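As structure tokens, the structure follows; a few thoughts come after it.
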Amino acid sequence: MSELAQRRLSPEILDDLAESDPRAVASRGDLRRLNVLMGNPWIIAGLLARHVEAPPRRILEIGAGDGAFMLRVARRLAKRWPKVELTLLDRQDLLTPERRAAFAAIGWSVEVLQADVFEGLAAAERFDAVTANLFLHHFDDAALRTLFERIASITPVFVATEPWRAGFPLMASRMLRVIGANDVTRHDAPASVRAGFRGRELSGLWPADAGFALEERRRGPFTQAFAAKAGTSP
Ligand SMILES: C[S@@+](CC[C@H](N)C(=O)[O-])C[C@H]1O[C@@H](n2cnc3c(N)ncnc32)[C@H](O)[C@@H]1O
């Protein structure tokens, strides 16, 4: 059986480093570049634009990291959605004043919700959309079912981009030395691909009775994209 036939979760180094550890700081810089290489900000912006019908008032990103990813998304959407209240949920508060100001410059206000995702979502109110990027693969299928139940109860639209679990992304993730990625990123990237998704695996974990239409497919060479929309067909 191929080593990629089943999801394989293993600890990621970045998750255990202190916020200000120089190796973590460098790895978050690598992550910003990898997101661009994967095209994920553009994929998420496209999914949001397609599935969120009226201009949203409130958007939540779970596992938001330093907010750089969502800033790229926001810049693509700000013309049509000039005033959004964004909540960035993460175990760590990594939003710099400069990045907060960059959001403000396009009319988006930002609240940081520093919490474990399960605790943060337990207390969360409603959002017009919830997003995740390179986050869901941290969790096993049972935890994802619980997470998806909760997300489906607080939003009509959920969109996510995750590593596509396949041979080409795995090979590419083992070659990150060529872009100068540090040891943390070179460890975590292949681990993320092995824990990633393929086929309709995310759809299979979404609550079937919640009344959402689901879309899931590979986008570009590295990404598994997922959208869930209440009521209609995506
Ligand atoms: C690979 S990073 C992705 C960050 C961001 N989405 C991006 O694309 O740059 C994963 C993020 O998930 C956060 N995280 C991991 N487990 C978490 C949990 N149980 N609850 C909240 N945040 C978590 C980490 O702190 C980290 O910032």
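The values are calculated or read from the model by the stated rules, or taken from the named source; none is laboratory data. Given the structure is predicted, the values throughout are model-derived calculations rather than measurements. Glycine gets a Cβ as well: all are built from the backbone with ideal geometry, and neighbour counts include every protein chain shown.
Looking at Glu61, Glu53, just one residue is modelled with pLDDT of 95 or more and among the charged types (D, E, K, R), and that residue is Glu61. Within segment 123-136, the presence of at least one residue that is free of Cβ contacts under 8 Å to residues at least 60 places away in the same chain and either among the hydroxyl-bearing types (Ser, Thr, Tyr) or within 29 Å of Asp16 (Cβ to Cβ) (or both) is confirmed. The single residue among Pro190, Pro207 that is closer than 15 Å to Arg7 by Cβ and either crowded, with 17+ Cβ neighbours inside 10 Å or touching a Lys or Arg at 6+ places or on another chain (Cβ under 8 Å) (or both) turns out to be Pro190. When restricted to residues that are more than 9 Å from the ligand (Cβ to nearest atom) and of a type in the set (Gly, Ala, Ser), segment 40-66 contains 4. A count restricted to segment 135-187 and to residues that are among the hydroxyl-bearing types (Ser, Thr, Tyr) and out of contact with any Ser or Thr (no Cβ under 6 Å at 6 or more places or on another chain) stands at 4. From the list Gly67, Gly39, the lone residue that is more than 19 Å from Ala227 (Cα to Cα) and of a type in the set (Gly, Ala, Ser) is Gly67. If you check Leu95, Leu88, Leu37 for being of a type in the set (A, V, I, L, M), more than 10 Å from the ligand (Cβ to nearest atom) and more than 21 Å from Ala181 (Cβ to Cβ), only one passes: Leu95.
Applying the selection to segment 190-215, what residues are among the charged types (D, E, K, R) and more than 13 Å from His51 (Cβ to Cβ)?
Result: Arg194, Arg198, Arg200, Glu201, Asp209.
Residues checked against (1) farther than 26 Å from Leu71 by Cβ; (2) in contact with a Phe, Trp or Tyr (Cβ under 9 Å, 6 or more places away or on another chain); (3) within 13 Å of the ligand (Cβ to nearest atom); (4) of a type in the set (A, V, I, L, M):
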| residue | (1), (2), (3), (4) |
| --- | --- |
| Val130 | no, yes, yes, yes |
| Phe135 | no, no, yes, no |
| Arg145 | yes, yes, no, no |
| Val159 | no, yes, yes, yes |
| Glu162 | no, yes, yes, no |
| Gly167 | yes, no, no, no |
| Asn182 | no, no, no, no |
| Val193 | no, yes, yes, yes |
| Leu202 | no, yes, no, yes |
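Step by step: first the residues of segment 173-187, then only those that are part of a helix (DSSP H, G or I) and over 20 Å from the mean Cα position of the chain (by Cα), then the one that is nearest to Leu4 (Cα to Cα). Which residue is that?
Leu176
Within segment 117-157, the residues that satisfy the criterion of being part of a helix (DSSP H, G or I) and under 21 Å from Ala54 (Cα atoms) are Ile151, Ala152, Ser153, Ile154. Counting only residues that are at pLDDT 95 or above, more than 9 Å from the ligand (Cβ to nearest atom) and surrounded by fewer than 21 Cβ atoms within 10 Å (Cβ to Cβ), segment 114-128 holds 2 of them. Residues of segment 173-194 that are within 12 Å of Leu14 (Cβ to Cβ) and touching a residue at least 60 places away in the same chain (Cβ under 8 Å): Ala181, Asn182, Asp183, Val184, Thr185, His187, Asp188, Ala189, Ala191, Ser192.
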